[in-house]
């Protein structure tokens, strides 16, 4: 049985490793060492992209516990204050990661196979989980560790499009005579306003999780402080609810861009820099039931099922593997990426028990399902 002191000390060590995306190697090596020398895993290795993967047990069910090791940039002094543990990644998502690791270490080997994975680059381009998809790993169930809040289960994430739009007006002019050429920055803002207006017109649902949203996240343009800009670029981040698809949204945006470009007589191109389909878990799956029962067992509360407006690794693996997938973990999502990111120590410790109990229920329900299937065949 893992002690609370050990659990807190291990999370502190994880937080002391500064791991912005693609700089996770030191933490991966630390986790690998703990898996082999202290936590009872039978195998542990670091794959070609830097993911740490550790396994124990054998047979079915094969349960994947997956969290990410990377964080957004920006260091925060690691410290304990007023029963909270502070540090970059305390909420998003090293507390869920280490909680899953410790729960996996306690799982009886005879009850199935546990695959623990600490993946890289979740805050970037999802390199780690995409490698999982390429590897065609066989799993029956998967839980992703993200801060849902200890009494909540995340069952849905929006999809995402990142679109890079380039506007070229063909000429520039001296800033003292702006009437001699169109201004690329001013023109591209018109494109953005048209796209935003069309998306918001199609997004009338009062629930944010069921509406398409878009944000202007980057803009560049111009060559000099006294020359009107010939070229400019913007990045648009679009979040897509589960009742639609990326292709449908691309069609909307393409229509707007074509219409505005034709009206203005301006050369405009765009490319899709990221495309992740939305995902919603099967609410009636053994996995959702198992995790719900675990929260009831440990927390004495009926969990809330959440549909989030963000996008996560669950989208990629859930859409590719077609197995029951949910996201769960301790922490306040609103503390993520902030200057005072933190985790309540009591919540972190309790989440280890929830994860442990969830593994028990998953194994139990899976075996009941297998017995029922066998009887039906007989």
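Read the figures in this text as sums done on the coordinates, not as results from a lab. This one's a predicted model, so the numbers in the text were calculated from it and none came from an experiment. Here Cβ is always computed from backbone atoms with ideal geometry, including for glycine, and neighbour counts include all displayed protein chains.
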Would you mind ranking 160, 79, 201 so that the residue whose beta carbon has the fewest other beta carbons within 10 Å leads the list? 201, 79, 160
Report the relative contact order of the chain, percent, no decimals, based on alpha-carbon pairs under 8 angstrom and at least 6 residues apart. 23 percent
Relative contact order for region 89-162: what is it in percent, counting Cα pairs under 8 Å that are at least 6 residues apart? 37 percent
Exposure proxy check on 220, 262: fewest-to-most Cβ neighbours within 10 Å is 262, 220
Roughly speaking, what is the centre-to-centre gap between region 238-287 and region 147-179 when only Cα atoms are used, to the nearest Å? 12 Å
At a 10 Å Cβ-Cβ cut-off, how would you order 196, 136, 34, fewest neighbours first? 136, 196, 34
Once the Cα atoms of helix 95-105 and of the chain are each reduced to a long axis, what angle between those two axes, in degrees from 0 to 90 to the nearest 10, is obtained? 30 degrees
CD proxy at 222 nm, helix term only [per DSSP H run n ≥ 4: -39500 (n - 2.57); per residue of the chain; nearest 500]: -12000 deg cm²/dmol
Using alpha carbons only, how many degrees (0 to 90, rounded to 10) separate the axis of helix 25-37 from the longest principal axis of the chain? 10 degrees
Percentage relative contact order, region 159-276, counting C-alpha pairs under 8 Å, at least six apart: 44 percent
If one puts a single equal scatterer on every Cα of region 159-276 and applies the Debye formula without solvent, what log₁₀ I(q)/I(0) results at q = 0.10, 0.23 Å⁻¹? -0.33, -1.25
What distance in nm lies between label points placed 7 Å from Cα along the C-beta direction at residue 217 and residue 337? 0.8 nm
Out of all DSSP beta bridges in the chain, what portion is antiparallel? Express it as a percent rounded to 5. 70 percent
Mark the label point 7 Å from the Cα of residue 309 along Cα→Cβ and return the residues of region 222-262 whose backbone N is within less than 11 Å of it. 239
Just to compare against my own numbers: the Cα pair-distance distribution for region 223-368, 10 Å bins, whole % per bin, please. 9, 26, 26, 18, 11, 8, 2, 0
Students often get this wrong: which residues of region 303-319 have the backbone nitrogen under 19 Å from the point 7 angstrom along Cα-to-C-beta of residue 72? 308-314
